[in-house]
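The values are calculated or read from the model by the stated rules, or taken from the named source; none is laboratory data. In this text, all values refer to a predicted model and were calculated from it rather than measured experimentally. Every residue, glycine as well, gets a Cβ built from its backbone with ideal geometry; the counts of neighbours run over all protein chains shown.
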């Protein structure tokens, strides 16, 4: 796509001023901004990041579902391209991670997904439920006698990483190290890191990859009842089924996606429940509402607020001509509060009729395989929190800080009074 064609398309967009207002990396004002502009601007161009931003649910669904016209290959590319010294360093370190699943298109995506889905599914995840519950309670035991606690630090930060370790058949590894690696990767890909942060992140990213490679190599020697062993078994030495590097990339992706989004979702949902005490008391009184409360939390305060696509051909989105090669930012957080689909979308209601219509796990052929796992973890967390700390309240007047990326949103701390 030529710069002239992009400039012409931008000039034709009637919502240029709105695009200049959009703060892609600031999450505190995000929902208020989209609530104001969504009825006016179904799409606008953001000069800050060079993306067309889609705000309404119907257009978001089109971009997510139509893989013939919208490519997913950009999904995990750096928002700000890495300098040559970073890519050169990673090449020296044999960093050969490939774009699989969320960032590749059919038919390759279909081949890989069909195999991964035979392990990453509701039936398989349900086998771990009791272990997950024991893990949650082991964390809650540590704070039982305290008056106050930071739930992010005390449980939400580590628990989802421990879940991933169970799926990988790993034990004895520091979950905080995995989380630190994941945080650095998020900043490198979806944030705007400084040169120093990029250099530190590249070193840790390569270490993260080395850990993944060693894990897969170990499973080749000593297979177990776990995800990498399953993938190696299905491969059976046949590259046309899966290559070894694809398996390593799948495991590498799970080590990130399998915990980062759930950590943020747990913080977001619990924060909203405690900001709305009547809603908290409803699920305390009736735990059967918790699955619906999870869906409403994912709708109202998604941990993934945007996702990306590229136009594979000239397309028209919301009446706007978009040239081939244009980058598109799908505002999932905005789509989840679209008043054309959700009644009173700015209200948080654990008894809402259709909260599961949210797009927080994507949609279409790239819908998140880990969605049932996240739902299970979040349900268990809320069941045990409401059971053990039914009178829990927020510490008043605390400042919430959010992750500084275009896509991932979650509180860095969440201080609560455990007994009200």
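For residue 248, state whether it is out of contact with any strand residue (DSSP E or B) (no Cβ under 8 Å at 6 or more places or on another chain), surrounded by 21 or more Cβ atoms within 10 Å (Cβ to Cβ), over 28 Å from residue 412 (Cα atoms) and modelled with pLDDT of 90 or more. Judged against the criteria, residue 248 is a match. Restricting to segment 286-300, name every residue that is more than 13 Å from residue 352 (Cα to Cα) and either touching a helix residue (DSSP H, G or I) at 6+ places or on another chain (Cβ under 9 Å) or crowded, with 23+ Cβ neighbours inside 10 Å (or both). 287, the sole residue that qualifies. Tell me whether segment 258-272 contains one or more residues that are without any contact (Cβ under 8 Å) to a residue 60 or more places away in the chain, assigned to a helix (DSSP H, G or I) and more than 21 Å from residue 158 (Cβ to Cβ). No, there is no match, as no residue in segment 258-272 is without any contact (Cβ under 8 Å) to a residue 60 or more places away in the chain, assigned to a helix (DSSP H, G or I) and more than 21 Å from residue 158 (Cβ to Cβ).
The residues on offer are 32, 63, 23, and the sole one that is in a helix (DSSP H, G or I), within 25 Å of residue 188 (Cβ to Cβ) and either modelled with pLDDT of 95 or more or touching a helix residue (DSSP H, G or I) at 6+ places or on another chain (Cβ under 8 Å) (or both) is 63.
Restricting 278, 220 to those that are under 21 Å from residue 207 (Cα atoms), free of Cβ contacts under 8 Å to residues at least 60 places away in the same chain and part of a helix (DSSP H, G or I) reduces the list to 220.
Considering every residue within segment 139-158, establish whether at least one is at negative phi, surrounded by 19 or more Cβ atoms within 10 Å (Cβ to Cβ) and in a loop (DSSP other than H, G, I, E, B). Yes, there is a match, as at least one residue in segment 139-158 is at negative phi, surrounded by 19 or more Cβ atoms within 10 Å (Cβ to Cβ) and in a loop (DSSP other than H, G, I, E, B). Restricting 212, 270 to residues that are buried (at least 16 other Cβ atoms within 10 Å of the Cβ), at pLDDT below 95 and touching a helix residue (DSSP H, G or I) at 6+ places or on another chain (Cβ under 7 Å) narrows the list to 212. Going through (1) surrounded by 14 or more Cβ atoms within 10 Å (Cβ to Cβ); (2) modelled with pLDDT of 95 or more; (3) assigned to a helix (DSSP H, G or I) one by one, residue 44 falls short only on (3). Elements of the type strands (runs of 3 or more DSSP E) sitting completely within segment 310-420 and holding at least 1 residues that are within 24 Å of residue 36 (Cα to Cα), out of contact with any helix residue (DSSP H, G or I) (no Cβ under 9 Å at 6 or more places or on another chain) and without any contact (Cβ under 8 Å) to a residue 60 or more places away in the chain: these cover 315-317. Residues in segment 112-127 that are surrounded by 16 or more Cβ atoms within 10 Å (Cβ to Cβ) and either on the phi > 0 side of the Ramachandran plot or in contact (Cβ under 8 Å) with a residue 40 or more places away in the chain (or both): 112, 113, 115, 116, 119, 120, 125. Where residues in segment 384-405 are more than 16 Å from residue 277 (Cα to Cα) and modelled with pLDDT of 95 or more, which of them is surrounded by the most Cβ atoms within 10 Å (Cβ to Cβ)? Result: 384. Here residue 350 passes the criteria (1) over 23 Å from the mean Cα position of the chain (by Cα); (2) crowded, with 16+ Cβ neighbours inside 10 Å except the one numbered (1).
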